[in-house]
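S.K.: Below is the structure I would like to discuss, written out as structure tokens.
The values are calculated or read from the model by the stated rules, or taken from the named source; none is laboratory data. Here the structure is a predicted model, which means the values were calculated and not measured. Cβ sites come from the backbone with ideal geometry, for glycine too, and all protein chains shown count toward neighbours. Calculation scope for accessible area: heavy atoms of the full protein, side chains included, ligands and nucleic acids excluded. Shrake-Rupley method; radii C 1.70, N 1.55, O 1.52, S 1.80 Å.
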Amino acid sequence: MLKYQYYPITVPDRGAGGKTGNWRVVRPLVNKSKCIGCKACFMFCPEDTIKIDESDGKVYVDYDYCKGCGVCSNVCPVKAIEMVSEA
Amino acid sequence: MSGTSACPGCPENMAMRMLGMGLGKDIALIVVAGCSSVIQGLAPKNSYNYPVVNIAFAAGPATASGMARAYKARNRNVVPVVWAGDGGTADIGFASLSGAAERNEDIIYVVVDNEAYMNTGGHKSGSTPLGAYTLTTPEGKKQNKKNLPFIMIEHNIPYVATASVGYPHDYIEKLRKAKQISGFRYIHVLTPDPYGWMFDPSRTAEVAKLAVQTCYWPLFEYENGKLKISDESLHCLDKRTRRPLRDFLSVQGRFKRITEEEVKMLENYIDSLWEKLMKLYENQS
């Protein structure tokens with residue numbers, strides 16, 4: 001028997017649910033020239049896949065884990081994130 | 001935090017990320033059975049960046065009480081946070097929640113309210129609003145939502161607050177405030193679930209904002225007997241400045257079969273809710 005089967009305790013680790021990027025049917029594309037760096041998408045992303053580029057304060061997407069829900073595209077005030085079909 | 005097994009557009013994950021932003025370090029999570037037990041990934045790992053105790057529905061606040069006392073006995077400054085869904089709070093876990101609130105244990109209790117038992121496919125809970133379709137109420141629920149924040153106010157605990165994932169700054173501010181208070185702290189977050197409420201996953205944040213704008217979900221905090229209505233909800237005090245409830249109902253598939261009569265009843269319920277709030281608000285000044 002493993003330890004966690006006695007005690008219902010889990011410890012933090014990245015990617016415990018697996019690489020979820022392959023769930024995606026649409027992919028968010030950030031238009032860097034339109035992005036104003038307000039970070040609304042960073043605030044609302046449910047998966048923490050929106051990362052902030054330290055050099056210019058704008059955002060990019062971590063496609064290993066992005067599930068393509070489209071929340072970032074919806075909350076963007078300047079419509080800089082476009083959802084394009086995968087495949 | 002990446003790599004959870006939540007559905008795309010999950011509002012509970014949003015709320016969990018904002019919890020991390022608000023509370024920072026020195027937190028131990030107690031996750032009551034529900035979506036969040038699945039979302040965190042495969043044991044013995046989790047993707048929440050906090051150590052998690054997974055526990056049965058009715059045992060959450062009791063476990064947290066014990067942990068709070070154990071941390072105190074060992075002189076460690078760690079706050080146990082119970083993370084429960086609305087089923088684990090309003091229905092199954094209510095007895096131990098009420099008990100912990102009565103003893104005024106030193107814990108934070110966060111409810112993520114998606115208004116049904118979404119993990120099992122969307123069954124009716126005590127928190128489902130009138131007229132909403134769920135698997136067990138195919139014609140729409142006939143009763144009103146159980147008003148948990150008011151029940152908790154009646155327990156005379158130091159801090160009660162409501163929040164919405166649509167307004168992260170308000171929610172994070174309330175979490176930070178809660179961390180500095182000692183005693184039982186209760187925060188109720190509305191999390192619109194795209195699959196149970198039947199709207200497009202990309203509109204999660206939008207629907208959470210609509211719930212506040214149409215005054216369906218009041219944002220307030222109750223601290224040491226003083227009620228403060230948050231800025232986002234101040235327009236609801238006057239009935240003329242409220243956004244029509246139809247705007248909120250029409251974007252959701254679960255209210256597709258609601259009748260005119262039921263919309264009226266829901267509106268009356270919201271009016272009575274605000275009247276109660278205003279009475280509390282006026283009595284203190």
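S.K.: Could you compute how much accessible surface B:TRP217 exposes when probed at 1.4 Å, giving the result in Å² to the nearest 10?
M.R.: Its heavy atoms expose roughly 10 Å² to the probe.
S.K.: Among B:GLY41, B:SER230, B:TYR216, whose Cα projects farthest towards the positive end of the dipole of region B:11-284, with charges put on the beta-carbon of Lys, Arg (+1) and Asp, Glu (-1)?
M.R.: B:GLY41
S.K.: Sequence-distant or interchain residues sharing an amide H contact under 5 Å with B:HIS188, placed H: which?
M.R.: B:VAL111, B:ALA161, B:THR162, B:ALA163
S.K.: Could you tell me the accessible area of B:ASP247 in Å² (1.4 Å probe, neighbours in place), rounded to the nearest ten?
M.R.: Spelled out: B:ASP247, probe radius 1.4 Å, area about 50 Å².
S.K.: Same structure, new question: Nearest 5 is fine: what % of DSSP beta bridges in the protein assembly as shown come out antiparallel, could you say?
M.R.: 40 percent
S.K.: May I pose another question? If the viscosity is 1.567 mPa s and the temperature 4 °C, what Stokes-Einstein diffusion coefficient in µm²/s follows for region B:165-218 when Rh is the Kirkwood radius over Cα pairs?
M.R.: 104 µm²/s
S.K.: With N residues in region A:32-85, what two-decimal value do you get for its Cα radius of gyration over 2.2 N^0.38 Å?
M.R.: Ratio of Rg to 2.2 N^0.38 Å for region A:32-85: 1.02.
S.K.: Measure out, as a whole number of angstrom, how far apart the alpha-carbon centroids of region A:12-76 and region B:178-252 sit.
M.R.: Taking the Cα centre of each part, region A:12-76 and region B:178-252 sit 25 Å apart.
S.K.: What's the percent breakdown of Cα-Cα distances in the protein assembly as shown across 20 Å bins, shortest bin first?
M.R.: 29, 60, 12, 0
S.K.: I would also like to ask the following. Give me the percent relative contact order of chain B, please, defined on Cα pairs under 8 angstrom at least 6 residues apart.
M.R.: It rounds to 17 percent for chain B.
S.K.: Next question. In whole percent, how big is the carbon plus sulfur part of the accessible area of region B:11-284, probe 1.4 Å, protein atoms only?
M.R.: Carbon and sulfur together cover 52 percent of it.
S.K.: When chain B is modelled as a GNM with alpha-carbon springs shorter than 10 Å, which of B:VAL81, B:VAL263, B:VAL112 fluctuates the most?
M.R.: Taking springs between Cα atoms under 10 Å, the residue moving most is B:VAL263.
S.K.: What lysines could a cross-link reach from B:LYS141, if we take a straight Cα to Cα line under 28 Å and drop same-chain neighbours fewer than 8 places away?
M.R.: Partners found: B:LYS124, B:LYS209, B:LYS239, B:LYS256, B:LYS264, B:LYS276.
S.K.: Using all C-alpha to C-alpha distances in region B:1-101, build P(r) with 10 Å bins and read off the rounded percent in each one.
M.R.: Binned Cα distances yield the sequence 15, 46, 34, 5, 0.
S.K.: How large is the charge dipole for chain B, taken about the Cα centre, if only the Cβ atoms of Lys, Arg (+1) and Asp, Glu (-1) carry charge, to the nearest 20 debye?
M.R.: 520 debye
S.K.: Between chains B and A, what is the buried accessible area in Å², counting both sides, with a 1.4 Å probe and ligands, DNA and RNA left out, to the nearest 100?
M.R.: Roughly 2900 Å².
S.K.: Kindly provide the helix-only [θ] at 222 nm of chain B, computed as the sum of -39,500 (n - 2.57) over DSSP H runs of four or more divided by all residues, to the nearest 500 deg cm²/dmol?
M.R.: Taken over chain B, the calculation gives -11000 deg cm²/dmol.
S.K.: Could you tell me the accessible area of B:ASP26 in Å² (1.4 Å probe, neighbours in place), rounded to the nearest ten?
M.R.: Accessible surface of B:ASP26 is approximately 90 Å².
S.K.: For region B:68-190, state what percent of all Cα-Cα pairs lands in each successive 10 Å bin, counting from 0 Å until the bin that includes the largest distance.
M.R.: 13, 40, 32, 13, 3, 0
S.K.: I need the semi-axes of the equivalent ellipsoid of chain B: take the C-alpha gyration tensor, multiply each eigenvalue by 5, square-root it, list largest first in whole angstrom.
M.R.: 29, 23, 17
S.K.: Mind checking the dipole of the protein assembly as shown: about its Cα centre, +1 per Lys or Arg Cβ, -1 per Asp or Glu Cβ, Debye to the nearest 20?
M.R.: It works out to roughly 420 debye.
S.K.: Name the long-range amide H neighbours of A:ARG27: under 5 Å, sequence gap of 5 or more, or other chain; modelled H, no Pro or chain starts.
M.R.: Close amide H contacts, sequence-distant or interchain: A:VAL84, A:SER85, A:GLU86.
S.K.: Could you give the DSSP H helices of chain B that reach 24 angstrom or more along their long axis (alpha carbon positions) and whose average Kyte-Doolittle hydropathy is no lower than -1.0?
M.R.: Result, helices passing both filters: B:260-284.
S.K.: If you place +1 on the Cβ of every Lys and Arg and -1 on the Cβ of every Asp and Glu, how big does the dipole about the Cα centre of chain A come out, in debye to the nearest 20?
M.R.: 120 debye
S.K.: Sort by residue number and report every cysteine in the protein assembly as shown with no other cysteine beta carbon within a distance under 4.7 Å.
M.R.: Cys with no partner Cβ under 4.7 Å: A:CYS35, A:CYS38, A:CYS45, A:CYS66, A:CYS69, A:CYS76, B:CYS7, B:CYS10, B:CYS35.
S.K.: I've got another one for you. Could you give the accessible area per residue of chain B, probe 1.4 Å, as a whole number in Å²?
M.R.: With all protein chains present, chain B gives 40 Å² per residue.
S.K.: If you consider only alpha-carbon coordinates, what radius of gyration and Dmax does region B:197-252 have, in Å?
M.R.: Using the Cα atoms of region B:197-252, the pair Rg, Dmax is 13.0, 40 Å.
S.K.: Whole-Hz Karplus ³J(HN,Hα) for region B:234-242, in order, using 6.51 cos²θ - 1.76 cosθ + 1.60 and θ = phi - 60°, x for Gly and Pro?
M.R.: After applying 6.51 cos²θ - 1.76 cosθ + 1.60, I find 5, 5, 6, 4, 9, 5, 6, 8, 6 Hz.
S.K.: Related question: For region B:159-285, what is one quarter of the convex hull surface built on the Cα atoms, given in nm²?
M.R.: 8.4 nm²
S.K.: Sticking with this structure for a sec: Test of understanding: in a Gaussian network model of chain B with alpha carbons linked when under 10 Å, which of B:ALA64, B:ALA84, B:ALA95 would top the mean-square fluctuation ranking?
M.R.: B:ALA95
S.K.: On a C-alpha basis, how far is the centre of region B:122-165 from the centre of region B:1-78 in Å? Whole number, if you could?
M.R.: 22 Å
S.K.: I need the phi-derived Karplus couplings for region B:75-82: 6.51 cos²θ - 1.76 cosθ + 1.60, θ = phi - 60°, integer Hz, Gly and Pro marked x.
M.R.: 6, 10, 8, 10, 9, x, 10, 8
S.K.: Picking from B:ALA15, B:ALA73, B:ALA56, which is most flexible by a Gaussian network model of chain B using Cα springs under 10 Å?
M.R.: B:ALA73
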